[in-house]
Every structure is written in C-alpha cells, then in structure tokens.
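Read through the structure below, which is laid out as structure tokens, and then see the notes.
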Amino acid sequence: MRINCFLIIILVLFLAGNTVSAQKKQKNPTKRADQKFELGEYYKAIKLYDKALDKKRKKDKMSKQKKAEIAYNMAEAYNFINDPIKAASNYKKAIRYKLDKPEAYLKLAEMLRMNEKMDDAIIEYKNYIELKPEDSLGHQGLRSCELAREWMNDPTRYEIEIFREINSKYLDFCAAYDARKDYQDIYFTSTREGAHTKQINDRTGQLFSDIFVISLDRKGEWSDPEPLDTIINSVWDDGTPYLNDKANTMYFTRCRVEKKKNIGCQIYTTHKDGGYWTEAEKLVVLKDNENDSISLAHPTLSKDENTLYFVSSMRGGYGKSDIWKVEKEGGAWGEPENLGPEVNSEFDEMYPYMREDGILYFSSDRYPGMGGLDIYKAELDSNNNWIVENMKYPINSVGDDFGIVFQGTMEKGLVSSSRLRRRDNIFMFEIPPLTFSLGGSVKDLDNEDMLSGAVVKLIGSDGTMFRDTTDENGEFKYKLKPNTDYIYVVSKEGYLNKKGTVTTDSLDRSKDFSSDIFLKPTRDPIELENILYDFGSAELRAESKLELNKLVEILNDNPNIIIELAAHTDQVGDDASNLQLSEERAKSVVNYLIEKGVPSARLKPKGYGESKPKIIDKRTAEKYTFLNEGDELTPEFINALPETDQMDKANQINRRTEFQVLSEKYIPQN
C-alpha cells in the first residue's frame, strides 16, 4: 500500500482536549473530513468527503473552489491508501475545478504512471513543467516514463510470479524466511480475517495487520496461513518480520494507537524458547524515546547481528523517511547513524533488507523510477561509498514494490508488490539457471529434402563431445554448457560434411540456437564460383584464391574424399587450344591446393575444354531468367539466343571450374 503503518511512517497525532471535544460536536462533514485527513485517517476522511459532497450536491451551494479542495484531498487520501485509479480521477476533478495547485498536475502524472498510462502521464508532466519549469521533478518524471518503457522492453533475468498459496483478498506483504527450516517456513504480514482483532484501521479501511506463518509439508504442499499467538500479535498493527539466521529471534514493527498520545511505530523482538516464541518486547534503540514519539520501523540486521538497520523520520534525515543504522556497543545499541545521501533522498526510503554478503536492498519513491515504490540495490565501493542502482523490471513495476527477501546466497526469494489489482501481494522471484541448446534440421542443399540419419557431432572447448543422428524428420537438438565454445560437424554418406561453430561464452541470457544445415550431395559435380583467369591464361587471379581457400576448408572438413578438379572453357577458339588451356587451368588449381597443404593423392586435375557444356540447374535458372532448368549450353543453343548479351552470359556460364568426388576412401597419412 502507498500508506499503512509500515509503509510511510506517520505519527499517531491526536488533537488537544478542546479540539477533540470540538470534533465530537462538529456536525459539518467537510470539517470533520478535514480533521480526519489531518490525523492520517484517510479511509474515514474519504467517507466523510463523500458525505459532504452528497449533502452539498442536494443543496447545490458548494463553490467550485471548495469542490476543488475536497477533490484534491480525496485524491491525496486515495493516493495514500494506494488506489491510483480513484486518486487520478479526483486529481482530474480538482484540475477541472481550477484548483490553484500546480502540484496537482505532478501528482496526477504519477498516478497515471502507476496506472500504466504512460502517454497520458507524459502530457501531465509537461503541463506541470509549463507551470513550474524550475522544478526538476517534472523533468525527472518524464525521464521515469522513458526508463519504465525501456526496462519493460529489456527485462533483467529475474522471473517473477504470484505466490498464490500465501495471498488473500486482503493485504499480504513483507515476508521473512526461516533459514533453519530450509526456507520452507515463511512469516508474513496480512490484514486478512482470522487475525486477533476485527477492528478496522481508519487509515487504510483494512483490518489491523498481524504476522502469519505458512509452511511447506513433505508432499510439497503449503499449509493454510496461521496467525502467530497473541504474545506477538496485538490489537494494533504488527508486521514486517525479520528472522536472524538461527531463526531464534524475530524482529518486527508494531504501531500502537492510544488516545491523547503521540505514539510512533516501534521495533519489537521475540525469542524462541523450547520451540515457542516468547512474549514480544520493545527493542530499546533510542535512549531519549521513552514516550515512543519517534517512529522506528522495518528492522533488518547484519549477518553478525551487531548492526541494526531501520527506518525513521527522526530529525537529521534527508527526506520524509530515511534508513538509519545503530551498532551494538557493550551489549546495548549505540547512537543512530543516517546512511547518508547516496541511500537516502528527499523522498521516502524504507523496507531495508541486508543480505549476508553486505548488499543492502531498500525501497524508495525517488526519481527516476518505474512508479510508486521501487526496489534499489546498494553496495559499498572501495572508498566506503554506497553505489545505488534500481533493480528494474520485472522486480520493479509501475506499482509499489517493496519488502524483498532472498533465500541465503541464492538469487531467489520473495517480494511484495501492488502490481496486480492494486493490492499488496507477495510474489516469488528467481534468476533461473542459464540454459542453452543447439537445434535445427539437416537438409539436402539441392532439393531441400530432410535428411534423417545424418550424424551430428558436437565438440566443446571443455573437452566434451556428443554424437547423435537426426530423427526421421531430419531434426536434432543438443544441450549446451555456459561459457563454452563448440564446433559441430554434420555428415552423411553421399554428402559433403558441413562444419559450424556456436558459443555460449559471455552470454548472460538463456538462448536456444537454431540452424538449418544444408549438405551438398556428392552425386553431381560441384561448381566453384569466382575462379577467374585472365584471357587465354592459366594463371589464377587473386580473387580466385579466396574461393579456393573455401575448397581447402571443405577438403579439411572431409578428410577421406578424393576429388577431380575439372576446368571447362567456352566455345570461343579451336577445340585443341581450349582443351590444353583447360588442362593447364585445372593443374593451376591443383598446385594451389597442394601449396595449402592438401595431399596431391587427393587431387586429380582434368581439362575438358568445351566438350562438356553446362546443364542449367534450378539455381542458375532462377538467376538467369532467359534460361530454363535442364537447358544444355551447347554451341547450337548459345548461337540461337536472340541477344548478344545473352550469348555472352551463356559463354561465361560455360567457363567454369568444378570438382567431383571420386572416392570417400582416402586414408590420411599421419
């Protein structure tokens, strides 16, 4: 909630005796509503404002200015009890009635942001900036809208889901684990029925809260939540429990209410004795707080339990509510110390949680943020300064997000949030383990038929090796390890092997790699593209060597094949010259491959001159629209083409270098 005794700490202020008496005699619902509002009894104030409006509506005597003031106060009250929809509606009414308060636009923008109406929120932030350009809050609000969208489009690795077994139709928030029971006992705060009091809290309209416990049994089922005994739960608000590592001491917040007394929230403790909790006692933290007028709440401790962190609005802070700490000195708590401006701001900071590694988590409604309360993470750097960062989406949302706790050193735990139905619920979160996989299909390159029974071999940089075959649909899938480089080789009889690489190194998100692998059949000659020579020459041009380097890779990936290197010419020139030239060109290719380390026994040069015209395949036909699949580029066919340009292209297609697999039985020499 935006306001309860644990969220924004408010002293329970009571008017002096004569004012209280006057209130009892006061029959004007508007003035009574104002008094309740000033007391922080927002739920009661809303009812009285509604009554006042209804009464005045009938008599039709209320001025627009008064309507504007009431609408604004109602908006503030709805804001405090975390009903951003009704709060936005009433801020709009106040603006429509010409309320002379520019901050109404700012607060309307904040409520619209919490309602996920970012475009409308941006309009109202701009309206506020126009009225108060010197105030940075309007500009920070605009930036918050931008960041909220960015963070939602690029979420962190955390995954979050509602904890259905623990939540009710009431407010459920601020959980704590029992680490000694393997985190299977959870203590939490709730305003549900079944607590020890049926009294309604005039601030929230909810029952006063109690601490409940829920347990996971051996069958993996959660028990029904049960309230703790009355030696811990009181008739007032009790909640925000914190358990030490041994789970033998619990710290929690209690907010008492007593007439004619200024009483703030206080921290209480209880201890396990014989497996049972003892009667709760107030923890003496401040020496000069005997009448409890200074609020202290939201306790959390360091791992050694010698430092207590808590929230207070005492003097010396930086904003409304700040996070403070005290250290044990000779068995007693020392002087409180503010955590400073890196952690605390002009806004509210609350719900601290100290992990055992010394990282502090807390909530704040500071800018920039997603909306409402956001959870922040704070770490001390080498200079003992706090470095604070927003936990972003999905830990944070446009609603209030607070009360985060972890299961020891694991990146999983519980968090409270009003993101659903604008009511506080407890959510489970975790960073799931990184998972990677490589999957895909193996196909024939020429006809794209699926190839079942193809061998897929995966070799990892960590020395692991996996081997499997594709299924009847030509598909395969492997699990991959994090931070590992892999080489995969795909093979099938009658096809050239295909090699590829994939890596999970440095990836911080799970990923499924997908690849369609095409194997080239060895049944037909395979053309080498871009093997170029100068006119009438057998000397390879530089660009040809780039293509031949690919052939070297193919031969290395297929160490058992023996190939014929075939060179072809066009019809220009006499047959004998063309045959000789093609033989010399084939030998040039073979010589280059030998220079690159390919054994000569695997290479058979052959010149064909113009004796084997190209037969057009499907891909060539798609590239040259004047040719059809199956056309044979004989001299008669080429000379019959209607255009000179087409004849030149056909001759160019005939000038080619190919290789044909002759055998797959070559045995490499060591």
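Scanning the range 358-379 for residues being aliphatic (A, V, I, L, M) and touching a Gly at 6+ places or on another chain (Cβ under 7 Å) gives a total of 0.
Is it the case that the range 633-640 has a residue that's in contact with a helix residue (DSSP H, G or I) (Cβ under 7 Å, 6 or more places away or on another chain), assigned by TED's automatic domain parsing to the domain that holds E553 and β-branched (V, I, T)? Yes, that holds for at least one residue.
Could you tell me which numbered condition V598 fails, if it satisfies all but one of (1) in a loop (DSSP other than H, G, I, E, B); (2) β-branched (V, I, T); (3) touching a strand residue (DSSP E or B) at 6+ places or on another chain (Cβ under 8 Å)? Only one criterion in (1) in a loop (DSSP other than H, G, I, E, B); (2) β-branched (V, I, T); (3) touching a strand residue (DSSP E or B) at 6+ places or on another chain (Cβ under 8 Å) is unmet by V598, namely (3). Name the single residue that is farthest from the chain's Cα centre (by Cα) among those in the range 239-262 being surrounded by fewer than 19 Cβ atoms within 10 Å (Cβ to Cβ) and aliphatic (A, V, I, L, M). The selected residue is V257.
Yes or no: the range 262-277 includes at least one residue that is among the aliphatic types (A, V, I, L, M), in a strand (DSSP E or B) and either within 25 Å of N390 (Cβ to Cβ) or in contact with a helix residue (DSSP H, G or I) (Cβ under 7 Å, 6 or more places away or on another chain) (or both). No, because not a single residue in the range 262-277 is among the aliphatic types (A, V, I, L, M), in a strand (DSSP E or B) and either within 25 Å of N390 (Cβ to Cβ) or in contact with a helix residue (DSSP H, G or I) (Cβ under 7 Å, 6 or more places away or on another chain) (or both).
Taking first residues from the range 641-657 that are closer than 17 Å to G609 by Cα and partners that are basic (K, R), the Cβ contacts under 8 Å between residues at least 6 apart in sequence or on separate chains come to I653/K614; N654/K614; R656/K614; T657/R585. The set of residues in the range 544-590 being assigned to a loop (DSSP other than H, G, I, E, B) and either in contact with a Pro (Cβ under 9 Å, 6 or more places away or on another chain) or in contact (Cβ under 8 Å) with a residue 60 or more places away in the chain (or both) consists of N558, P559, N560, I561, T569, D570, Q571, V572. Scanning the range 492-541 for residues that are touching a helix residue (DSSP H, G or I) at 6+ places or on another chain (Cβ under 8 Å) and surrounded by 16 or more Cβ atoms within 10 Å (Cβ to Cβ) returns L496, N497, K498, K499, L528, I531, Y533, A538, L540.
Would it be correct to say that S452 is farther than 20 Å from F518 by Cβ, in a loop (DSSP other than H, G, I, E, B) and in contact (Cβ under 8 Å) with a residue 12 or more places away in the chain?
Details: farther than 20 Å from F518 by Cβ: no; in a loop (DSSP other than H, G, I, E, B): yes; in contact (Cβ under 8 Å) with a residue 12 or more places away in the chain: yes.
When the stated conditions are applied, S452 does not pass them.
Within the range 544-574, if we keep just the residues that are closer than 25 Å to G609 by Cβ and β-branched (V, I, T), the residue that is surrounded by the most Cβ atoms within 10 Å (Cβ to Cβ) turns out to be I563.
Looking for something charged (D, E, K, R) and surrounded by 12 or more Cβ atoms within 10 Å (Cβ to Cβ) - is there at least one such residue anywhere in the range 309-318?
Applying the first criterion (charged (D, E, K, R)) to the range 309-318 yields 315.
Pick out the ones that are also surrounded by 12 or more Cβ atoms within 10 Å (Cβ to Cβ) and you get none.
Within the range 309-318, none of the residues are charged (D, E, K, R) and surrounded by 12 or more Cβ atoms within 10 Å (Cβ to Cβ).
Filtering the range 506-522 to residues that are in contact (Cβ under 8 Å) with a residue 40 or more places away in the chain, part of a loop (DSSP other than H, G, I, E, B) and under 21 Å from S461 (Cβ atoms) leaves L507, D508, R509, S510.
Of all the criteria given as (1) outside the structural domain of D512 (by TED's automatic domain parsing); (2) in contact with a Ser or Thr (Cβ under 9 Å, 6 or more places away or on another chain); (3) not hydrophobic (A, V, I, L, M, F, W, C), the one not satisfied by G474 is (1).
Among the residues making up the range 621-657, those that are within 23 Å of R585 (Cα to Cα) and either β-branched (V, I, T) or part of a loop (DSSP other than H, G, I, E, B) (or both) are L633, T634, I653, R655, T657.
Kindly establish whether K86 is in contact with a Leu (Cβ under 9 Å, 6 or more places away or on another chain), assigned to a helix (DSSP H, G or I), without any contact (Cβ under 8 Å) to a residue 24 or more places away in the chain and of a type outside the set (S, T, N, Q).
On the way: in contact with a Leu (Cβ under 9 Å, 6 or more places away or on another chain): no; assigned to a helix (DSSP H, G or I): yes; without any contact (Cβ under 8 Å) to a residue 24 or more places away in the chain: yes; of a type outside the set (S, T, N, Q): yes.
No; evaluated as a whole, the condition is false for this residue.
Scanning for something surrounded by fewer than 21 Cβ atoms within 10 Å (Cβ to Cβ), among the aliphatic types (A, V, I, L, M) and more than 20 Å from the chain's Cα centre (by Cα), does the range 407-419 turn up at least one residue? There is no residue in the range 407-419 that is surrounded by fewer than 21 Cβ atoms within 10 Å (Cβ to Cβ), among the aliphatic types (A, V, I, L, M) and more than 20 Å from the chain's Cα centre (by Cα). Select from the range 394-416 the residues that are in a strand (DSSP E or B) and touching a residue at least 40 places away in the same chain (Cβ under 8 Å) and list them in ascending order. F402, G403, I404, V405, F406, G413, L414, V415, S416 - these are the residues of the range 394-416 that are in a strand (DSSP E or B) and touching a residue at least 40 places away in the same chain (Cβ under 8 Å).
The values are calculated or read from the model by the stated rules, or taken from the named source; none is laboratory data. These numbers were taken from a predicted model, which means no experiment stands behind them. Don't worry about glycine lacking a Cβ; one is built from the backbone with ideal geometry, like all the others, and counts go over all protein chains shown.
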